Amino acid sequence: MSEKLTRREFIKNSTAMAISASMFLHGCGEAGSLSINTSSNNNKPSNPSNNNVNANKSLVYVMLAGGNDSFNMLVPTNTNSYNEYQSSRSNLAITKNTLLPLNDFTDSNGKTFAVHPSMAKVQNLFNSKKLSFISNIAPLVKPTNKTSFNNNSVELPLGLMSHSDQIKHWQTSIANERTNIGVLGKFADKFQANKANNQISMNISLSGTNISQNGNSSKEYSVTKDGSVGLLVKESSNDPAITQLNNALLSSFNTVLNKSYSDSFENTYMETTRYAQTHHEKFKTEVNKVNIAHTYVNYDNRSDIKFTSTDKSIPEQFKMIAKSIKASSDLNLPKQTFFIEYYGWDHHDELLNNHKRMLEVLSNALGDFQASLEELGVDDKTLTVVASDFARTLTSNGNGTDHGWGGNTIIMGKDIKGGEVFGQYPSLALNSSVDIGGGVIIPSLSTDEMFAELALWFGYEKNELDTLLPNLKNFYSSSSTNNPIGFLS
């Protein structure tokens, strides 16, 4: 016999279900918590030679979505190279005497460097040996030069210079496939292979669902700049009326949550919701114990530049990551990855003003983040990488730039060789041996090489790298005694 619901009971139960659905959709993000893991111990080397296998590590991956004009971020300053830069960039060139010099480094070709005038904290990090650049890097399938490109004699990345493809390749490092399995997701498949259903994923995202942290059996755990998202009616209130309403909603929620469902979809949905709430309560409790004294730059009172809501959220996202890293032991997460996607770098127009604003936000966030890591005593376990879909064309389209290829990437942390520019910074002259037209630069380093070195730092064995990165063998031999790029100290 069916049970007849009163209108009040119907509203209570509907509201509770809506709250749980909202919490699931916006706070869970971790469908992988329901996976039954049958991984064997084959994932673990029997005689590990890499000291990082069991070491606590946190890798922060920042994606500048849209294509960062990174040849205006890192600029050569020796006379010949700057003159080439100034000629190619025309009205978009940064005046030399406003650039911020990077001290004590000259590359093998005699080039010296500076950063964009709005990147004072990055300049300080570089000069204090805490930050370096990886130059002219991008997704590749095989080593490519101008002749092989023009002759169509080399396999190229799918969708070259396409936002959707290139940003995907930067997260999967398989440039000849359109796959949704990311490198950091594979990290979690290996290092959290026996994850319990009630354990938070080691992959924590500040930007929701993403390819980078999506593995074969692992997913990201999504949080916001304010932390995890859970059932709001469980928050306390000093208002008796709100407390009474919360209690009624909570009672209805628990009724719905604890009910057994015959429909497999409903049962799976509610099981995921239960886990999401459990994760939220655990994450919030441990992260809220962490206090950071360092003050992050706030843009609310700036009148000289109009900072967007996205710009303003970036410092708080980095601050939440710092707190999460400090809380890692209490969260039972010895290894963690974090993902931030900073949107708005597709500057086909108004490049100079927009780039200045956003590079300032990025630079300040990196400086404040590193200061927080040092304050909390976790700087020795953290590496931060800043990448983008692609660089921009060297040539101006009038007031902006178009889609390019090879560009410059930032890497920061105590375990790197700081104060260096790794790789081969290219000639910025138009029609050079690496320019395939309009100042689109052929990369000399592949993302495979960067991720391989990050994987070694994180705990992979060299003999596992070719499985992790199928195209790595085209650029690097895992039997080599040297690291792929050499940025690790």
Requested in this report: List the residues whose amide H sits under 5 Å from the amide H of Asn136, counting only those 5 or more places along or on another chain, with H placed 1.01 Å from N in the peptide plane.
Outcome: Gly407, Asn408, Thr409
Requested in this report: Count the net charge of all other residues whose Cβ sits under 13 Å from the Cβ of Ser477, scoring Lys and Arg as +1 and Asp and Glu as -1.
Outcome: -1
Query raised in the report: What is the diffusion coefficient of segment 144-248 in µm²/s, taking the Kirkwood radius over Cα pairs and the Stokes-Einstein relation at 20 °C with a viscosity of 1.002 mPa s?
Result: 125
Report summary line: Asn151 and Thr278 label points (each 7 Å along its Cα→Cβ direction) are spaced in nm at 6.0
Query raised in the report: Could you give the distance between the Cα centres of segment 281-356 and segment 404-471, to the whole Å?
Result: 25
Query raised in the report: Residue by residue, what Karplus-based ³J(HN,Hα) values in Hz, rounded to whole numbers, does segment 72-88 have, using 6.51, -1.76 and 1.60 with θ = phi - 60° and x for Gly and Pro?
Result: 9, 7, 10, 10, x, 10, 5, 3, 4, 5, 5, 4, 5, 4, 5, 5, 5
Query raised in the report: Quick one: net charge of Ser396's neighbours, Cβ under 10 Å, K/R +1, D/E -1?
Result: +1
Report summary line: Residue-ordered couplings for segment 418-433, obtained by feeding phi - 60° into the Karplus form 6.51 cos²θ - 1.76 cosθ + 1.60 and rounding to whole Hz (Gly and Pro as x), are x, x, 9, 10, 8, x, 10, 5, x, 5, 9, 6, 5, 6, 6, 5
Requested in this report: On a C-alpha basis, how far is the centre of segment 164-240 from the centre of segment 94-116 in Å? Whole number, if you could?
Outcome: 37
Report task. Subtract the Cα-Cα distance of Val297 and Glu375 from 0.36 nm times their separation in residues, and report this length gain in nm to one decimal. Result -> 26.5 nm
Requested in this report: Could you pull out every residue, at least 5 positions away or on a different chain, whose amide H is within less than 5 Å of the one on Ile416? Hs are placed 1.01 Å off N in the peptide plane, and Pro or chain starts have none.
Outcome: Ser489
Query raised in the report: What is the set of long-range amide H partners of Tyr343 at a cut-off below 5 Å, with H atoms built 1.01 Å from backbone N?
Result: Ala65
Query raised in the report: Label-point separation (nm) for Thr79 and Asn194, each offset 7 Å from Cα along Cα-to-Cβ?
Result: 6.6
Query raised in the report: Among residues other than Ser135 whose Cβ falls under 13 Å from its Cβ, what is the net charge (Lys/Arg +1, Asp/Glu -1)?
Result: -2
Report task. Report the extension gain between Ser217 and Asn397 in nm, rounded to one decimal, defined as 0.36 nm multiplied by the number of residues separating them, less their alpha carbon distance. Result -> 60.4 nm
Report summary line: So for segment 340-473, using the alpha carbon gyration tensor with a ≥ b ≥ c as root eigenvalues (a/c under 1.5 gives rounded; past that, a/b versus b/c decides prolate or oblate), I'd call it oblate
Query raised in the report: Given a Förster distance of 41 angstrom, what is the FRET efficiency for Thr98 paired with Phe265, based on the Cβ-Cβ distance and rounded to 0.05?
Result: 0.10
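Take the alpha carbon atoms of segment 73-215, find their radius of gyration, then divide it by 2.2 N^0.38 Å using N residues; give the quotient.
Numbers: Rg = 20.0 Å, N = 143, 2.2 N^0.38 = 14.5 Å.
That works out to 1.38 for segment 73-215.
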Query raised in the report: Hey, what do the phi angles of segment 468-482 turn into as Karplus ³J(HN,Hα) couplings, whole Hz, using 6.51/-1.76/1.60 and θ = phi - 60°, x for Gly and Pro?
Result: 5, 10, x, 8, 4, 4, 6, 10, 7, 9, 5, 8, 5, 7, 9
Requested in this report: Note down the accessible area of Ser88, probe 1.4 Å, to the nearest 10 Å².
Outcome: 10
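The values are calculated or read from the model by the stated rules, or taken from the named source; none is laboratory data. Not measured: the values here are computed from a predicted model. Cβ atoms come from the backbone with ideal geometry, glycine included; neighbour counts cover every protein chain shown. The area values use the complete protein model at the heavy-atom level, side chains included, leaving out ligands, DNA and RNA. Shrake-Rupley method; radii C 1.70, N 1.55, O 1.52, S 1.80 Å.
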